[in-house]
Amino acid sequence: MRRTILQRRVVAVTVCIVAAFTALTVQGANLVVRNFRSLPTDQTAINRETMKRDQNGKTAALVKIYTPLDIEQTYISNGVMGVVARVNKPGQIWLYIPARSQSIEITNQKYSPLRYYFDEEITAGKTYSMELTVEGKEVTLSASVRQAPIWVDGDSVGVSPLNIYLSYGEHAVKAEQGSMLYDGNVMITPETQARIELPMEDENLKYSDVTVRVPDNAGIYFEGRRVGIGEWRPRLREGKYTVEFKKPNFEDAVKTFSVIAGVPVMLDVPPLVSYKGHLSVAVFPNTGVRIYDGDTIVAEHNLSKTLKVGDYSYTFRKKGYHPYTGTFKVERNQETLDTVTLQRVQYVRSNAMYAGIGFTYGTIYGVSAHVGGVFHNVNLELGYTLGLGKSDEVYWFEKPKPGLYDDKCTYTMDEIEVKAGYQFSFVQRVGLTPQVGYLGQRLRGGVHGNGAMCHNVSVGARLVFNPIPNVGVYINPEYAVAVKENELYREIAEYGGFSKGGFYVGAGVTFNF
């Protein structure tokens with residue numbers, strides 16, 4: 001009985017010594033263990049999927065260590081008892097150790113080593129919880145606005161007033177509610193008061209309205225990103241700021257300005273300076289040439305200008321020549337050289353199609369029309385004349401009796417002609433085409449002899465004056481020599497007062513295409 005009592009006293013003294021040593025160890029090192037306890041309802045240590053066994057085949061105990069430290073840089077040993085297994089999880093270390101382990105040693109290169117003695121017996125198959133952190137103290141963070149959210153070192157930790165354990169050292173603390181803000185650093189030392197006040201201020205009183213404007217829709221950049229085009233209206237805290245202005249093909253600009261709380265700022269930036277280059281265009285022919293930008297004359301004869309970088313379009317005009325519009329690209333610090341050759345207006349074209357209408361006068365007059373073409377100055381033309389004039393009366397006798405006749409007829413004459421020639425142009429607006437071809441004369445209108453034909457060879461010339469490029473006035477004299485006619489035509493021509501073949505003149509208007 002006495003021996004049993006003695007054993008109990010020895011155990012009690014041993015526990016007290018261990019507890020005192022543990023307290024000294026925990027408080028004297030950079031690392032500390034907080035809230036070590038068993039988890040009676042946690043079955044992780046004996047769950048089939050998560051349990052581990054020691055080298056003797058017995059179920060190991062599991063210590064779940066929760067820590068903000070770098071897990072990969074945190075090492076744990078268990079002396080001669082050894083560690084059965086270790087599993088790293090986000091923010092946790094699952095440490096499997098044998099039953100009856102007395103202590104563990106924790107090391108991290110940033111802190112002094114910590115040997116922690118368990119204050120209760122480690123039992124096989126049981127789960128324990130431990131918080132491993134850096135040495136510090138419990139404090140209360142109290143913001144001047146109640147229930148204001150609080151952030152410590154960038155992490156949201158709760159609302160004011162907030163009881164929190166903070167390690168020794170400096171911490172970034174922020175409390176914000178609406179426009180009210182506290183943003184500063186708090187130093188935690190063993191002497192730090194248990195309650196830390198966080199005086200919040202109205203941020204609206206520290207800001208001012210700012211207007212930044214730049215012409216020509218230049219981009220406005222702040223802190224490396226574009227915040228506006230042409231105009232930016234931020235609300236900025238009191239201080240000094242720098243903005244950049246950028247636009248393609250323009251020099252960048254940088255402006256720095258100061259903001260005073262409550263004083264509006266208006267920043268008007270001058271237009272950005274454009275990159276420039278030189279454009280030089282030689283024009284042929286260069287006399288009498290006018291160069292237009294839209295409807296404005298910008299140069300004469302030749303073009304030589306220093307311009308902003310970009311594309312430019314100019315029109316070159318000279319009387320008697322086709323206008324030419326060209327686009328020219330001016331590049332930064334470069335000279336753009338180009339040539340423009342104006343094309344003379346062709347009143348008489350070497351390749352064209354044409355059609356005309358006019359009046360033909362000869363033995364019998366009429367209205368004429370023609371179509372034709374010129375291919376490399378070789379001319380081919382097809383014409384038709386509708387006769388309008390009448391012949392003399394022609395008397396027809398069935399039986400020759402003096403003074404008696406059966407019928408009398410008057411005739412008109414239609415003409416069909418096909419001609420070929422070669423075009424010459426001796427002056428700008430006048431074309432002369434000698435022609436030779438076929439002329440067919442056909443009688444029309446009589447009871448007798450309707451359709452009688454005379455076939456001729458014609459020789460003539462087509463003279464055209466073009467007051468404007470596509471419209472001309474022509475005169476076409478020609479002489480036709482009969483080569484074949486039927487007997488009926490010969491007799492009618494003899495008595496009707498018109499000749500075979502003969503001299504003709506046509507005149508009218510022609511249109512070129």
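The values are calculated or read from the model by the stated rules, or taken from the named source; none is laboratory data. Since we're looking at a predicted model, the values are computed, not measured. Cβ coordinates were reconstructed from backbone atoms using ideal geometry, including for glycine residues, and neighbour counts include every protein chain displayed.
Do we have Thr336 as surrounded by 14 or more Cβ atoms within 10 Å (Cβ to Cβ) and out of contact with any helix residue (DSSP H, G or I) (no Cβ under 6 Å at 6 or more places or on another chain) here? Break it down into steps so the answer makes sense when it comes.
Numbers: surrounded by 14 or more Cβ atoms within 10 Å (Cβ to Cβ): yes; out of contact with any helix residue (DSSP H, G or I) (no Cβ under 6 Å at 6 or more places or on another chain): yes.
So Thr336 fits the description; yes.
Among the residues of the range 178-198, write down those that are assigned to a loop (DSSP other than H, G, I, E, B) and either outside the structural domain of Ser144 (by TED's automatic domain parsing) or of a type in the set (Val, Ile, Thr) (or both). Walk me through how you get there before you give the answer.
Going through the range 178-198, the residues assigned to a loop (DSSP other than H, G, I, E, B) turn out to be 178-179, 189-194.
Result: Thr189, Thr192.
Being surrounded by 13 or more Cβ atoms within 10 Å (Cβ to Cβ), more than 27 Å from Gln346 (Cβ to Cβ) and either touching a residue at least 24 places away in the same chain (Cβ under 8 Å) or not charged (D, E, K, R) (or both) narrows it down to one residue among Phe465, Phe503; which is it? I'd like the intermediate steps shown before the answer.
On the way: Phe465 fails: more than 27 Å from Gln346 (Cβ to Cβ).
Answer to the check: Phe503.
In the range 44-85, what residues are hydrophobic (A, V, I, L, M, F, W, C) and not in a strand (DSSP E or B)?
Quick first cut of the range 44-85, residues hydrophobic (A, V, I, L, M, F, W, C) only: 45-46, 51, 60-63, 65, 69, 71, 76, 80-81, 83-85.
Selection gives Ala45, Ile46, Met51, Ala60, Leu69, Ile71, Val80, Met81, Val83, Val84.
Quick check on my filter: what residues within the range 366-402 are at pLDDT 95 or above and either β-branched (Val, Ile, Thr) or not assigned by TED's automatic domain parsing to the domain that holds Gly496 (or both)?
If the condition is that a residue be at pLDDT 95 or above and either β-branched (Val, Ile, Thr) or not assigned by TED's automatic domain parsing to the domain that holds Gly496 (or both), then Val367, Val371, Val374, Val378, Thr385 are the ones that fit.
What's the number of the condition Leu69 fails, among (1) touching a strand residue (DSSP E or B) at 6+ places or on another chain (Cβ under 8 Å); (2) free of Cβ contacts under 8 Å to residues at least 60 places away in the same chain; (3) more than 19 Å from Gly125 (Cβ to Cβ)?
Leu69 satisfies every listed condition except (2).
Criterion first (outside the structural domain of Lys246 (by TED's automatic domain parsing) and in contact with a Ser or Thr (Cβ under 7 Å, 6 or more places away or on another chain)) does Asn286 satisfy it?
no
Of (1) without any contact (Cβ under 8 Å) to a residue 40 or more places away in the chain; (2) loosely packed, with under 15 Cβ neighbours inside 10 Å; (3) not aliphatic (A, V, I, L, M), Asn470 satisfies all except one. Which?
(1)
In the range 211-221, which residues are part of a strand (DSSP E or B) and touching a residue at least 40 places away in the same chain (Cβ under 8 Å)?
Let us first name the residues in the range 211-221 that are part of a strand (DSSP E or B), namely 211-213, 219-221.
Passing the criteria: Thr211, Val212, Arg213.
With respect to Arg349, determine if the residue is modelled with pLDDT of 95 or more and surrounded by 13 or more Cβ atoms within 10 Å (Cβ to Cβ). Working first, answer last.
Values: modelled with pLDDT of 95 or more: no; surrounded by 13 or more Cβ atoms within 10 Å (Cβ to Cβ): yes.
No; evaluated as a whole, the condition is false for this residue.
Tally up the residues in the range 475-489 that are exposed (fewer than 14 other Cβ atoms within 10 Å of the Cβ) and either outside the structural domain of Arg442 (by TED's automatic domain parsing) or in a helix (DSSP H, G or I) (or both), please.
Selection size over the range 475-489: 1.
Which one of Tyr422, Tyr405, Tyr411 is surrounded by 13 or more Cβ atoms within 10 Å (Cβ to Cβ), modelled with pLDDT under 85 and more than 18 Å from Ala369 (Cβ to Cβ)?
Working: Tyr422 fails: modelled with pLDDT under 85; Tyr411 fails: modelled with pLDDT under 85.
Selected residue: Tyr405, the only one of Tyr422, Tyr405, Tyr411 that is surrounded by 13 or more Cβ atoms within 10 Å (Cβ to Cβ), modelled with pLDDT under 85 and more than 18 Å from Ala369 (Cβ to Cβ).
For the range 435-462, what are the residues that are surrounded by 14 or more Cβ atoms within 10 Å (Cβ to Cβ), assigned to a strand (DSSP E or B) and either in contact with a Lys or Arg (Cβ under 9 Å, 6 or more places away or on another chain) or not assigned by TED's automatic domain parsing to the domain that holds Ser391 (or both)?
Gln435, Gly437, Tyr438, Leu439, Gln441, Met453, Cys454, His455, Asn456, Ser458, Gly460, Arg462
Is it the case that Glu49 is touching a strand residue (DSSP E or B) at 6+ places or on another chain (Cβ under 9 Å), surrounded by fewer than 16 Cβ atoms within 10 Å (Cβ to Cβ) and either more than 19 Å from Asn35 (Cα to Cα) or not charged (D, E, K, R) (or both)? Give the derivation first.
On the way: touching a strand residue (DSSP E or B) at 6+ places or on another chain (Cβ under 9 Å): no; surrounded by fewer than 16 Cβ atoms within 10 Å (Cβ to Cβ): yes; either more than 19 Å from Asn35 (Cα to Cα) or not charged (D, E, K, R) (or both): yes.
In short, no.
Could you please let me know if Gly158 is assigned to a strand (DSSP E or B), modelled with pLDDT under 95 and out of contact with any Cys (no Cβ under 8 Å at 6 or more places or on another chain)?
Working: assigned to a strand (DSSP E or B): yes; modelled with pLDDT under 95: yes; out of contact with any Cys (no Cβ under 8 Å at 6 or more places or on another chain): yes.
Answer is yes for this residue.
Determine whether Ser112 is more than 25 Å from Asn47 (Cα to Cα), free of Cβ contacts under 8 Å to residues at least 60 places away in the same chain and hydroxyl-bearing (Ser, Thr, Tyr). Reasoning before the result, please.
Values: more than 25 Å from Asn47 (Cα to Cα): yes; free of Cβ contacts under 8 Å to residues at least 60 places away in the same chain: no; hydroxyl-bearing (Ser, Thr, Tyr): yes.
No, not satisfied.
Does Tyr128 satisfy the criteria of being buried (at least 19 other Cβ atoms within 10 Å of the Cβ), modelled with pLDDT of 90 or more and assigned by TED's automatic domain parsing to the domain that holds Ser38? I'd like the intermediate steps shown before the answer.
Working: buried (at least 19 other Cβ atoms within 10 Å of the Cβ): yes; modelled with pLDDT of 90 or more: yes; assigned by TED's automatic domain parsing to the domain that holds Ser38: yes.
Criteria met by Tyr128.
Inside the range 283-378, counting only strands (runs of 3 or more DSSP E) that do not spill past its ends, which hold 3 or more residues that are under 45 Å from the mean Cα position of the chain (by Cα) and under 30 Å from Gly389 (Cα atoms)? Walk me through how you get there before you give the answer.
Details: elements: 290-293, 296-300, 303-308, 310-317, 324-330, 335-341, 351-361, 366-375.
Filter on the range 283-378 gives an empty set.
Looking at (1) in a strand (DSSP E or B); (2) out of contact with any Pro (no Cβ under 8 Å at 6 or more places or on another chain); (3) not charged (D, E, K, R), which one does Ser208 not meet, given that it meets all the others?
Unmet condition: (2).
Can Lys64 be described as among the charged types (D, E, K, R) and closer than 16 Å to Pro40 by Cα?
Details: among the charged types (D, E, K, R): yes; closer than 16 Å to Pro40 by Cα: yes.
The answer is yes for Lys64.
Being within 27 Å of the chain's Cα centre (by Cα) and part of a strand (DSSP E or B) is the filter here, so list the residues in the range 266-278 that pass it.
Ser274, Lys276, Gly277
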